[in-house]
Each structure stands twice: as structure tokens, then as C-alpha cells.
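Working notes, beginning with the structure itself.
The values are calculated or read from the model by the stated rules, or taken from the named source; none is laboratory data. Computed from a predicted model, the values in this text were never measured in an experiment. As a convention, Cβ positions derive from the backbone with ideal geometry for all residues, glycine included, and neighbour counts pool all protein chains shown. Quick note on the areas: whole protein, heavy atoms, side chains included, nothing else; ligands and nucleic acids left out. Shrake-Rupley method; radii C 1.70, N 1.55, O 1.52, S 1.80 Å.
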Amino acid sequence: MPPKATQRGKASSKATTTPKETAATATSAPDLLTKSKEAYEQELKDLAKKARTQKGYWAGQLAIYIHSIILLGLIAIASNVSQLVLSPVYGSIPASIWHSKLASNVFLDRALPIEPVELLPLIAIYIPPVQYLLFRASGYLGAYYGPLVTELLTLFPLIMISSACVATNLEYADFGPLPKFIADAVPGLGSFGFFKVAEKMSGNFIAQNIGKNFYMTRIGLEGLLAASYTTIAPSKFLLFGLPALLHTTLLNPHLASPMALSRLNSGLEKEGWVVLDRRDSITGYVSVVESLNDGFRVLRCDHSLLGGDGLGIGTTPAALVAHGINTTVVEIDPVVHEFATKYFQLPSNHTAVIEDAVRYTDRLVNETQGVGQFDYIIHDVFTGGAEPVTLFTYEFLQNLNSLLKPDGVVAINYAGDFSLPPPLLITNTIRSVFGPSSCRIFREHPRDEAQAELHNGRDFTNMVIFCTKSSTQEITFRNPTSRDLLNSPSREAFLLPKWEVTDEDLLRGVNGSVEEAEKLGVLMRNDTAVLEKWQEVSALGHWEIMRGVLPEVVWVNW
């Protein structure tokens, strides 16, 4: 354990001399005042040099750096895990709004009656039960303030005290011959730089390995963090963490265990719901939720729905296969594909490509030399209130256009708020690739003026843009037959497009200004900031809509 820099913990150095020695070395006050600045600084350097030659000095310095690095690494990991745990209740974008603003570097060593480092294991152990309790208030707190309150009471104390401990450790760090103004800046700048690098690297590692075993689940990671803090900062107060540990192990439904899932369902069944399966995966927390009263099930990812249908019906790819169409499914998340097959009757006689769609289309266009391969392309990606930006760029849409046969048709699903610019930007980009006369746009429901007025003009809905590769090919729709519907009530309600979107509807996002619409331009792969800046507003609106689709008890009991 490195030395403490608290008043009670600092080591003091006192010289013991005999009266004779004192008389021989005594210096008068005038002599002290006349001592040159250079001589005084040289004396300090000599003392520092002497200290470096003492036995164990460099081992102590190494211990200081190692302890500080471990503490910074742990809070970097905790920063990523906190976002993972919040995303099922608030969604990934709302959870991130306040997150980056909570980092702090303060000194508590003189403000607390105990050593701050001894609090770290206790705080880490109590984070899961505190989150569990605060999630029950998410409906009251809302998607904007909920993540802020939750992280203020969980992640922030961990960061604050860890920062204080690191600062305390680095008071004893020796930066050798560096100029004083540089040596003073090194601890703060170095700690922040290391933290950001560790946060980025640990985030990438977690994203690549999430869900592979119990320890790489949300609560499993929090457990690993608590164990790591207990190892690096042993505390005599650990016994006080026993209630929190028992709650997480025996009562927390978020724990990835069969017993926790059974306990979760025993409560949900009273509300008419059941979780059939759940998994942590690369796109978020994925689960299959079934309504016992209404007989439908949905596929959930974090705080949004990927889709759903009546029992025994299936998904859009299943319908294409049922009509004898040779179908290729491109899906980035293997768990989503697995659950679609297992719980939504996705037939096995299709070509599954488990890969990022951008990389897949880039490769396929190069392999086929741009020769069209598909009669139909359905672009139906999870939005969750925050668009996967790269899948709506000009470059990606150009790839889709290249992969269509000359008489091919593409259908692009997009969920957005018509009171904001993104739907217009996306439409501009699609039209720039396929041509303005080759596309028609339909929304899922008509605009509700009363609801829009109630929510400050917000008009969040699902829309589908149909485009043909040929500019001379007109887009028309015939009435569906019973064979088209495949005995699905949802297809009967939504298969035939009804509410077409006009340019006037799209211009609502820029207050009807044609000039502002032209300024938006198109979405390019290397310039996506124009769309990303609206994601927070859109995601907050989407969160409210999702709370109306499924009851709160389903969202908070993930």
C-alpha cells in the first residue's frame, strides 16, 4: 500500500542532534535571510538525491504508480459498466447525456474521519442494489434526469473517492529533474489521459466479450469490480457490505442466473407478462417478452423494441421465405438472430450473414463489381430513438443501389420525429441516391394534431421509404390477398401503406423553410455530426413512447 498523504498519515522527518551539534550548526536569522535562492534550491536537490539512494525508495515509487494505475483503470471500467446497466431502463443515448460530466478530481483526505480508500469496496458493493431501487423511480425521474440521479448516487462517489486516492498517492510521486510547473501538471494531465485511454480500451473489450459468460454480464461485471476494489483496497468496514451482497445475490432480478429469471417471472406473471429468454449482447440487453393476456410477444433491446408479432407468425424474413423468395438476412447481433429463430419462427432455409451491414455491403459490391444481386432489399434496422448513423449515409445507400437489379425495389424503415430535421435529412440522402421521382414515403400512423400540441409539436413515428432503381418505374401497391397476409392481424393492419408523407410534412422539421432544408444537404460517412446532434432529443422522445407501449414494470425488471 503506498503512503497516505493525509495529515494523520503523512510520515514526518525529524533530525535528532546533541546540544554540541546544535551549537556547531546553528545559523543566525540574518544568515538565513541572506542565503541565496540558488543555494536554497541546491540544498533541496541534494536532499532529494539523498532520498533516492535510500533502500526501498524506488520500490515505493513503483508501488505509488501501480496503485494509482489500478485505481484509474477500475474507475474507467466502472464508467463503461454504469452505462451498460442504465441502458435497459433509459436507453443508451439518454444514459450518456450526463455521464461524461460526472468525472471529478477532489481531495477528501482531510474532510473524512476515515481513510477514503477504505470506502471504495463498500461503494462498489452497494452500487447494484442502489441502482435496483432507483430504477423503480425511473418513471418519475424521466429519461433526462434519471441517469443523472442514478450515477450521482453510484458512479460519482466511486470516481470522486478514487480520484482523491490517486491524488493522495501522487503527492509522493517523484518526477525527478522536471521543471516544477511541468511536475505540478503531470499528475492531473497524466491521470486524466490514462483514464480516457483505459476507458476506451476497456469499453472496446467489454463490447467484444459482453454476454460470453456470467462475469461478462452487466451485474457480473459489477461483481468483478467490487471484488477488485476489495483486493486493491482492503477495508475493515467490509462487513457493512453484507446486506448489499445478499440483495444482489438473492433478490436482484437483473442477475444473469436461472434463479433470478424465475424470481423475476414470478412477479411479472402477476402483471400479465413473462420473460421467455434474455441475454447480454453486443447491441444491448436483448430479451423476449410475452403478454399472457393479449397473446403476443416482442423482441426487446435495451429500452426499445426490435419487433414483434402474434404467436406462431414470425418476422419479415419469414414472410419472404414463405412466399418462396430466396432470402439473405444480414444481422450484426448473433443473439437477435438466435432469438428470432427460436421464438419468432424464422425459418432455417435462409442465408444468414452475422456481420456489420456496412462491411458486408462494401465487400459484396467489390466482389460483384457493382452488378445487381437482389430483386428486393429491406433496410429495417434497430433505431431505439437513435439512428445507427452509418446505415443511413450516402455511401451505404449507394451500395444498396448497386446491389439492386435494374428493376429492383428497396424499402427503408426509419423511425424519427417529424418536428426535427433528421427525417428530412434522411429523405434528402435517399432521394439523392435513387432520385426524387423514384421514391414514395409512408408513415405508420397519421399525424395526431392533439398529441403533437400536447408534446410541444413532437411527432415521432415509423415511416417506410419505397424506392426503385429505375427512374421510369412507377411505385404502386395492389390490395393484399389472404395469401399475402399469412394469417397475421398485424399484416392485415399495416401491410398496405395508407398515409403518404408529403414534402410539407418533412419541412416541419425546419419550420417550413426550403432554404434551411437545402442547407441540410445529405448525410456523408465522414460528416455525421449533423445527425448525431439530434439523437439526444429524438431518444428522449422515443423513451416516452416506449413507456406507453409496454408497462413500466416490464422495462425496469430486465
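Structure notes:
- Looking across the stretch 497-515, the residues that are more than 21 Å from residue 454 (Cβ to Cβ) and surrounded by 14 or more Cβ atoms within 10 Å (Cβ to Cβ) come down to 497, 501, 506, 507, 510.
- For the stretch 170-203, taking the residues that are at pLDDT below 80, in a helix (DSSP H, G or I) and crowded, with 16+ Cβ neighbours inside 10 Å, the one that is nearest to the chain's Cα centre (by Cα) is identified as 187.
- Filtering 418, 434 for residues that are out of contact with any helix residue (DSSP H, G or I) (no Cβ under 6 Å at 6 or more places or on another chain) and within 25 Å of residue 520 (Cβ to Cβ) leaves a single hit, 434.
- Filtered by the rule that a residue be within 27 Å of residue 205 (Cβ to Cβ) and in a strand (DSSP E or B), the stretch 260-291 gives 277, 278, 279, 280, 281, 284, 285, 286, 287.
- All of 518, 544 fail the test of being loosely packed, with under 11 Cβ neighbours inside 10 Å and either modelled with pLDDT of 85 or more or of a type in the set (Asp, Glu) (or both), apart from 518.
- Top-ranked residue in the stretch 378-430 [being surrounded by fewer than 22 Cβ atoms within 10 Å (Cβ to Cβ) and acidic (Asp, Glu); ranked as nearest to residue 318 (Cα to Cα)]: 380
- Given (1) open to solvent by 20 Å² or more (accessible area, probe 1.4 Å); (2) touching a residue at least 24 places away in the same chain (Cβ under 8 Å), index of the condition residue 206 fails: (1)
Conditions tested, residue by residue: (1) within 13 Å of residue 468 (Cα to Cα); (2) of a type in the set (S, T, N, Q); (3) in contact with a Pro (Cβ under 8 Å, 6 or more places away or on another chain).
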residue	(1), (2), (3)
381	no, no, yes
388	no, no, no
392	no, no, no
395	no, no, no
401	yes, yes, no
412	yes, no, no
417	no, no, yes
434	yes, no, no
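- Checked against (1) touching a residue at least 12 places away in the same chain (Cβ under 8 Å); (2) at negative phi, residue 359 meets all criteria but (1).
- For residue 371, the requirement of being part of a loop (DSSP other than H, G, I, E, B) and either over 23 Å from residue 463 (Cα atoms) or touching a strand residue (DSSP E or B) at 6+ places or on another chain (Cβ under 8 Å) (or both) is met.
- Considering the stretch 346-368, the residues that are part of a loop (DSSP other than H, G, I, E, B) and open to solvent by less than 80 Å² (accessible area, probe 1.4 Å) include one that is farthest from residue 324 (Cα to Cα), namely 356.
- Hits in the stretch 431-469 (condition: open to solvent by 30 Å² or more (accessible area, probe 1.4 Å) and polar (S, T, N, Q)): 432, 437, 451, 456, 462
- Screening the stretch 189-203 for residues that are small (Gly, Ala, Ser) and free of Cβ contacts under 8 Å to residues at least 60 places away in the same chain and picking the one that is nearest to residue 335 (Cα to Cα) gives 193.
- Verdict on residue 415 being under 18 Å from residue 541 (Cα atoms) and not in a helix (DSSP H, G or I): yes
- Filter result (under 24 Å from residue 293 (Cβ atoms), touching a residue at least 60 places away in the same chain (Cβ under 8 Å) and of a type in the set (D, E, K, R)) within the stretch 252-279: 271, 277, 278
This table checks each residue for (1) of a type in the set (Val, Ile, Thr); (2) in contact with a Phe, Trp or Tyr (Cβ under 7 Å, 6 or more places away or on another chain); (3) within 30 Å of residue 90 (Cβ to Cβ).
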site	(1), (2), (3)
326	no, no, no
401	no, yes, no
408	no, yes, no
426	yes, yes, yes
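- Lone qualifier among 291, 304 - being hydroxyl-bearing (Ser, Thr, Tyr), more than 26 Å from the chain's Cα centre (by Cα), closer than 26 Å to residue 460 by Cβ and open to solvent by less than 50 Å² (accessible area, probe 1.4 Å): 291
- Looking across the stretch 209-226, the residues that are without any contact (Cβ under 8 Å) to a residue 24 or more places away in the chain, in a helix (DSSP H, G or I) and open to solvent by 50 Å² or more (accessible area, probe 1.4 Å) come down to 215, 224.
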